[in-house]
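Below is one structure, written out as structure tokens, with a few remarks after it.
The values are calculated or read from the model by the stated rules, or taken from the named source; none is laboratory data. Source: prediction; values computed, not measured. Here the Cβ is made from the backbone with ideal geometry for all residues, glycine too, and neighbour counts use every protein chain on show. Accessible surface is based on the protein model in full, side chains and every heavy atom, while ligands, DNA and RNA are left aside. Shrake-Rupley method; radii C 1.70, N 1.55, O 1.52, S 1.80 Å.
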Amino acid sequence: MKTRQRLPRKKHPYLNALKAVTLVLTAIYPVFMTMMTGAGILYNRGSYGSSFARYGTILIVSGCLMTSGTILCLFRKNLTSLLSPFFSLTGLVMCMAVLRRLVKHADEHGWHGSGMYENVSASYTFQTRLLPCILPAIAATVTALCQYFSYDLSELRRERKRQKENAPAPSIISDDQQK
């Protein structure tokens with residue numbers, strides 16, 4: 001029977017602070033800005049055009065990926081520490097690819113804001129909403145990698161490897177042949 005070994009409880013104040021900052025930044029940028037920009041594009045797809053609906057969908061998916069990458073970096077497990085950078089960076093690449101296309105399209109068609117944002121170009125608005133998503137994605141990646149390569153978890157992996165190597169070998173003679 002396999003017993004679960006609890007992870008050592010060493011205090012890492014800088015890593016905990018980085019997790020807290022990453023969580024707050026994720027709540028602001030990927031969750032609110034990216035997903036709401038995507039939802040706004042989907043909601044107004046009649047005025048933007050049908051080709052823009054997919055950009056809105058991709059923005060929502062990228063925001064979900066970056067958010068799940070941040071949530072995964074909060075746990076101190078090997079698998080989640082390896083999956084977190086994958087989700088965060090995949091979401092970031094998707095978001096930046098859509099941002100590039102949105103800015104290019106807005107500049108080509110001369111889009112500008114309305115109301116009190118009348119003198120502001122739409123490409124500038126897209127950039128100020130979506131470019132800061134780089135910070136939480138990079139912070140989640142750094143947090144996950146620091147956790148994965150931390151001394152505590154590396155020692156735990158080495159100990160498990162030693163236990164597997166020192167485990168008794170299975171019998172090569174079955175019980176039926178011994179009788």
Restricting to region 22-51, name every residue that is open to solvent by 40 Å² or more (accessible area, probe 1.4 Å) and either among the acidic types (Asp, Glu) or not in a helix (DSSP H, G or I) (or both).
Asn44, Ser50
Across region 52-98, what is the number of residues that are basic (Lys, Arg) and part of a helix (DSSP H, G or I)?
1
For region 78-102: of the residues being open to solvent by 10 Å² or more (accessible area, probe 1.4 Å) and among the polar types (S, T, N, Q), which is nearest to Leu131 (Cα to Cα)?
Thr90
On the given criteria, is Thr26 touching a Lys or Arg at 6+ places or on another chain (Cβ under 8 Å) and closer than 16 Å to Arg129 by Cα?
no
Can you name the condition, by its number, that Leu99 falls short on among (1) under 16 Å from the mean Cα position of the chain (by Cα); (2) without any contact (Cβ under 8 Å) to a residue 60 or more places away in the chain?
(1)
Considering region 65-106 alone, what residues qualify as being under 22 Å from Val21 (Cβ atoms) and among the basic types (Lys, Arg)?
Arg76, Lys77
Taking region 113-151 and keeping only residues that are at pLDDT below 80 and surrounded by 14 or more Cβ atoms within 10 Å (Cβ to Cβ), one is left with Ser150
Please specify each residue of region 101-157 satisfying the condition of being touching a Gly at 6+ places or on another chain (Cβ under 8 Å), polar (S, T, N, Q) and not in a loop (DSSP other than H, G, I, E, B).
Ser121, Thr125, Thr141
Does any residue of region 158-175 turn out to be in contact with a Pro (Cβ under 7 Å, 6 or more places away or on another chain) and either modelled with pLDDT under 75 or in a helix (DSSP H, G or I) (or both)?
no
Only listed residue being open to solvent by 20 Å² or more (accessible area, probe 1.4 Å), within 9 Å of the chain's Cα centre (by Cα) and at pLDDT 90 or above, chosen from Cys73, Cys64:
Cys64
Among the residues of region 110-153, which ones are charged (D, E, K, R) and out of contact with any Pro (no Cβ under 9 Å at 6 or more places or on another chain)?
Glu118, Arg129
